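The values are calculated or read from the model by the stated rules, or taken from the named source; none is laboratory data. Note that the structure is predicted; figures quoted are calculated from it, not measured. Neighbour counts are summed over all protein chains in view; Cβ atoms, including those assigned to glycine, are modelled from backbone coordinates with ideal geometry. To get the accessible areas, we keep the full protein, side chains included, count just its heavy atoms, and leave off ligands, DNA and RNA. Shrake-Rupley method; radii C 1.70, N 1.55, O 1.52, S 1.80 Å.
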Amino acid sequence: MSTTVMLAQLLKGMVVTAEIFFLTLIFSLPLGLFISFGRMSKNSIVKGISKIYISIMRGTPLMLQLIVVYFAPFYVFGLKISNYRFPAIIIAFALNYAAYFAEIYRAGIESIPVGQYEAARVLGYNKVQTFCRIILPQVIKRILPPVTNETITLVKDTSLAFVLAHAEMFTMAKQIAAKETSIVPLMVAGVFYYLFNLIVAWGMERLEKAMNYYR
Amino acid sequence: MAQNSKVLLQINHMRKCFDDVEVIKDISLSVREGEVVSVIGPSGSGKSTLLRCATMLETMDAGELIYLDENAAWEENGKCVYASKAKLREIHKNFGLVFQNFNLFPHYSVMKNIIDAPVIVEGISKKEAKERAEKLLAQLGLSDKADAYPYQLSGGQQQRVSIARALALQPKILFFDEPTSALDPELTGEVLKVIRELAKEHMTMIIVTHEMQFARELSDRIIFMEQGVIQAEGTPDEIFSSSNQRVREFIGKFQS
Ligand SMILES: Nc1ncnc2c1ncn2[C@@H]1O[C@H](COP(=O)(O)OP(=O)(O)OP(=O)(O)O)[C@@H](O)[C@H]1O
Ligand SMILES: [Mg+2]
């Protein structure tokens, strides 16, 4: 196989990797917020369920979760869903990352001084206005560093999708490496992951800088 | 003064407990339009709690809270009940509160801190809110700080912004909880000056303070609180020449 063909195939895998990455963020970032609300709920049942959810998602391997999400519909419910492989990957990643994001949000929300809520309340803001206008913007600034960490981990974690033999970059690299009995494809994949993360880190840094207009 | 003006705030038999400890014990108080009332008393006597109950940051356990003849809270079958959310939202518009540690919104510029609530809560146009804010900033000597962020301001400036923020909603009553306690002595004066000017304009104010001299010269009435009750109440002259042992001891501490 020529180098160009190999690169082309890896790049195709890279596109899938990027898809998993962005879709996971799109779903898990808001979902994590809802789970963090549950985690902070005054209702002890809601709070309990959220706690157990977070604990399981963070306490079991993501690879296992991928397998469970993919096979559960058939083995547990007898359902056959066509073209389920890619959705299963996104669902598993989103559910897993939402748990991590939930804890990050919670720490961020709880770090906002109660005086901010009280000031907003006396000024007549309702709860939604208080959260959206006063609390959330400050939370976002505070949680950017841990979110950056998670995001960088996610770039690397996308490679776990290989357990479902989906054609993302790592799966491709492994296949080509086996076929060609060469380690080069894997190393090239490593370089691609690294470049991807450089871009992610650069983007997050810009975001952090943009938030630095206040302290 | 103000003997015949209307009553803006009426508190009847207010009680408040924190875990079985009664922090406010049967306090009644009425404040008339244009009055400046100072609340003094030792630490832990319940001054902040009184203010927080009056501004509904805390719910009281018993008693009545009435703003301009509108009941915010009253008793029913021995329980304290509050008015509907919609009603309370209306009642909220009557008062503002200035905090000890300002509680400005750090992600908003000074201007945005001041105009956000009028635009969002009151629903006036941004242009109108800005005009209002500019007037207030000029009045409080902060015209050049409109675009600054709170972290760029001194404590005294921050407190003046927080006063402007409260005034922007045009409240009828302004509460202050130790507005200068978080400030260095040299910054205290600029905030007190602003409050003095508001008094001259007959703003109705209820001020918890440890600044005895300030309370004496400014107040129409001083309330001395101790252990959750109003121990003494009267004009500054009455309080400062009180025969009440507790009052004398407390004031004596500040006059050395
Ligand atoms: N949220 C709370 N939970 C439990 N106890 C509280 C709470 N807030 C106040 N207290 C208690 O109520 C009492 C009165 O407190 P408060 O803050 O009203 O006093 P204060 O007169 O404002 O004192 P200071 O001059 O120190 O500000 C104190 O004993 C305090 O410990
Ligand atoms: Mg206090």
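Listed here are the residues, each with its yes/no results for (1) part of a loop (DSSP other than H, G, I, E, B); (2) out of contact with any helix residue (DSSP H, G or I) (no Cβ under 8 Å at 6 or more places or on another chain); (3) charged (D, E, K, R); (4) on the phi > 0 side of the Ramachandran plot.
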site: A:Thr130; (1), (2), (3), (4): no, no, no, no
site: A:Ile140; (1), (2), (3), (4): no, no, no, no
site: A:Asp157; (1), (2), (3), (4): no, no, yes, no
site: A:Thr171; (1), (2), (3), (4): no, no, no, no
site: A:Lys174; (1), (2), (3), (4): no, no, yes, no
site: A:Met187; (1), (2), (3), (4): no, yes, no, no
site: A:Val191; (1), (2), (3), (4): no, yes, no, no
site: A:Ala201; (1), (2), (3), (4): no, no, no, no
Exercise. Give me the pairs: first residue in the range A:200-215 and over 15 Å from A:Thr148 (Cα atoms), second residue among the hydroxyl-bearing types (Ser, Thr, Tyr) and open to solvent by 70 Å² or more (accessible area, probe 1.4 Å), beta-carbon distance under 9 Å, and six or more apart or on different chains, which are they?
Worked result: A:Tyr214/B:Tyr151; A:Arg215/B:Tyr151
For this session: Identify all residues within the range A:107-116 that are crowded, with 17+ Cβ neighbours inside 10 Å and facing chain B (nearest Cβ under 9 Å); write none if there are none.
Result: A:Gln116
For this session: Find all pairs meeting these conditions: Cβ atoms under 9 angstrom apart; at least six residues apart or on different chains; first residue within the range A:161-178 and open to solvent by 40 Å² or more (accessible area, probe 1.4 Å); second residue not in a helix (DSSP H, G or I).
Result: A:Phe162/A:Glu168; A:Gln175/A:Ala167
Problem set entry | the range B:3-24, subset open to solvent by 70 Å² or more (accessible area, probe 1.4 Å) and part of a strand (DSSP E or B), residue farthest from ligand 2 (Cβ to nearest atom) | B:His13
For this session: Pick out the one residue from A:Ile104, A:Ile135, A:Ile152 that is within 14 Å of chain B (Cβ to nearest Cβ) and either buried (at least 17 other Cβ atoms within 10 Å of the Cβ) or part of a helix (DSSP H, G or I) (or both).
Result: A:Ile135
Problem set entry | Pair list, Cβ < 6 Å and 6+ apart or interchain, from the range B:36-56 residues that are within 9 Å of ligand 1 (Cβ to nearest atom) to residues that are among the basic types (Lys, Arg) | B:Val39/B:Lys47; B:Gly41/B:Lys47; B:Thr49/B:Lys16
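Here's the yes/no breakdown for (1) hydroxyl-bearing (Ser, Thr, Tyr); (2) modelled with pLDDT under 95; (3) surrounded by fewer than 18 Cβ atoms within 10 Å (Cβ to Cβ):
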| residue | (1), (2), (3) |
| --- | --- |
| A:Ala8 | no, yes, yes |
| A:Leu11 | no, yes, yes |
| A:Phe22 | no, no, yes |
| A:Phe34 | no, no, yes |
| A:Arg39 | no, no, no |
| A:Asn43 | no, no, yes |
| A:Ile56 | no, no, yes |
Seminar exercise, completed: The correct count of residues that are over 29 Å from A:Leu23 (Cα atoms) and not β-branched (Val, Ile, Thr) in the range A:104-158 is 13
For this session: Search the range B:41-61 for residues being in contact with an Asp or Glu (Cβ under 9 Å, 6 or more places away or on another chain) and away from chain A (no Cβ under 14 Å), and hand back the single one that is farthest from ligand 2 (Cβ to nearest atom).
Result: B:Asp61
For this session: Of the conditions (1) within 19 Å of B:Phe99 (Cα to Cα); (2) more than 11 Å from chain A (Cβ to nearest Cβ); (3) in a loop (DSSP other than H, G, I, E, B), B:Gly141 clears all except one; give me its number.
Result: (1)
For this session: For the range B:151-190, enumerate the residues that are open to solvent by 40 Å² or more (accessible area, probe 1.4 Å), of a type in the set (S, T, N, Q) and within 13 Å of chain A (Cβ to nearest Cβ).
Result: B:Gln152, B:Gln170
Problem set entry | Any chance B:Ser109 is out of contact with any helix residue (DSSP H, G or I) (no Cβ under 7 Å at 6 or more places or on another chain), among the hydroxyl-bearing types (Ser, Thr, Tyr) and without any contact (Cβ under 8 Å) to a residue 60 or more places away in the chain | yes
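Go through the residues of the range B:190-204 one by one and say whether even a single one is more than 22 Å from B:Leu29 (Cβ to Cβ), among the hydroxyl-bearing types (Ser, Thr, Tyr) and either within 16 Å of ligand 1 (Cβ to nearest atom) or in contact with an Asp or Glu (Cβ under 7 Å, 6 or more places away or on another chain) (or both).
Within the range B:190-204 (the criterion being more than 22 Å from B:Leu29 (Cβ to Cβ), among the hydroxyl-bearing types (Ser, Thr, Tyr) and either within 16 Å of ligand 1 (Cβ to nearest atom) or in contact with an Asp or Glu (Cβ under 7 Å, 6 or more places away or on another chain) (or both)), the answer is no, since none of the residues qualifies.
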Exercise. Do we find that B:Glu35 is among the charged types (D, E, K, R) and away from ligand 2 (no atom under 16 Å from the Cβ) in this structure?
Worked result: yes
For this session: Kindly indicate whether B:Val98 is more than 8 Å from chain A (Cβ to nearest Cβ) and within 16 Å of ligand 1 (Cβ to nearest atom).
Result: yes
For this session: Return the residue satisfying two criteria in turn: it lies in the range A:117-132 and is open to solvent by less than 40 Å² (accessible area, probe 1.4 Å) and more than 30 Å from A:Arg58 (Cβ to Cβ), and of such residues it is farthest from the other protein chains (Cβ to nearest Cβ).
Result: A:Ala120
